[in-house]
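What follows is a single structure, written as structure tokens, with notes after it.
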Amino acid sequence: MGTDNRKGVLYAAFTASMWGFMAIVLKVITYELPPVTVVWFRFISAFLLLGLYTLLFRRKDFGIFKRPPILLFLAAIFLGLNYLGFIAGIKYVSPSSSQIFIQIAPVSFALSGIIIFREHVSWKHVVGFLLVLSGIGLFYSEQLRDLTDTGENFTLGMLLVLGGGLSWAIFATMQKALVRKLHPNQLNLFIYGFCAIALIPLVQFSKFQDLTATNWFLLFYLGLNTVLAYGSLALAIKLTEATRVSVIITLNPIITFVSMAILTQMNVPWIEPESFSILSFLGALTVLGGAILVISAGWKRKNSG
């Protein structure tokens, strides 16, 4: 594995860790704020943080606002739909179950890497990827049987998260094309700013008045999470194959699972507890084994002609 590929793997792993914790924080904050208001705060705080960095180190990147490509507008819209779909869905389902359905995102993105970008996949990659998918299914099998009894709200939450996942796959595919010509910092700076402005009419600013210091901390964490996770994701996509990136970020449900298991054991009052089984742990091992197989198999780009 070359230096760039190793860096890409590390960036993707960091993104996975950030997203693993984010699902729990989003669930907690939706007890206090409407989903759209939370999404706006994530975008505006991410834009301000990244804007400050750009002002200090990459001022030329502000030039993206002069004449942004149409594809960049579309990428921003689909990332906004991803944020809205996921947080609106997580209001009705648990952090762990939301991580089941959001896996439609990396799976769909991997398909785009193979079909659109013509990335090479050997039998080891296929087996590893299938292990990842089957492990996730086993990981949550017993929970799904329990959760589907909760009725229409769960179904609505599932559909919203699935929609958000598909929106992310479209966004990431567009980003893969855009990052060939534009720096990731330019892309993220424009996307955060565009989404922050577009959502202003839907924000309930009055809701911020009653927030506690803890809630403000969670909101700022989400903003920082957005900058760091998507900055790392853009670099990962630039440095290595879409298929590999998608497999690595598929690991983020494991982080959510472990975190929720610890919180449930501690009986914390600020989030609903979850129950886990031996099958869940077996699924986790299957996911990890599949990812290791894919990453260590030796990846090669397929020549485009």
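The numbers here are math on the coordinates, done by the rules we state, and not lab data. These numbers come from a predicted model, not from an experiment. FYI the Cβ positions are ideal-geometry reconstructions off the backbone, even for glycines, and counts take in every protein chain you see.
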Query - the chain - percent relative contact order, Cα under 8 Å, separation 6 or more - result: 42
Query raised in the report: So how far, in whole Å, is the C-alpha centre of the stretch 192-238 from the one of the stretch 53-80?
Result: 17
**Report entry** Gained length - Tyr221 relative to Ser122, 0.36 nm times residue gap less alpha-carbon distance
**Finding:** 31.7 nm
Report summary line: Along the stretch 130-137, Karplus-curve 3J(HN,Hα) (6.51, -1.76, 1.60; θ = phi - 60°) to the nearest Hz, with x for Gly and Pro, reads 5, 4, 4, 5, 5, x, 5, x
Report summary line: At R0 = 25 Å the Cβ-Cβ FRET efficiency linking Lys60 and Arg180, nearest 0.05, sits at 0.85
Requested in this report: Among Lys27, Lys181, Lys91, determine the one that fluctuates most according to a GNM of the chain built with springs between C-alpha atoms less than 10 Å apart.
Outcome: Lys181
Requested in this report: Pick out which of Tyr83, Tyr31, Tyr192 has the largest mean-square fluctuation in a Gaussian network model of the chain, springs linking Cα atoms closer than 10 Å.
Outcome: Tyr31
Report summary line: In this structure, among Lys181/Lys238; Lys7/Lys176; Lys66/Lys181; Lys66/Lys238; Lys27/Lys207; Lys7/Lys238, pairs with alpha-carbon gaps over 20 Å are Lys66/Lys238
Report summary line: Applying the gyration tensor rule to the Cα atoms of the stretch 10-82 (axes a ≥ b ≥ c; rounded if a/c under 1.5, else prolate if a/b exceeds b/c, else oblate), the class is prolate
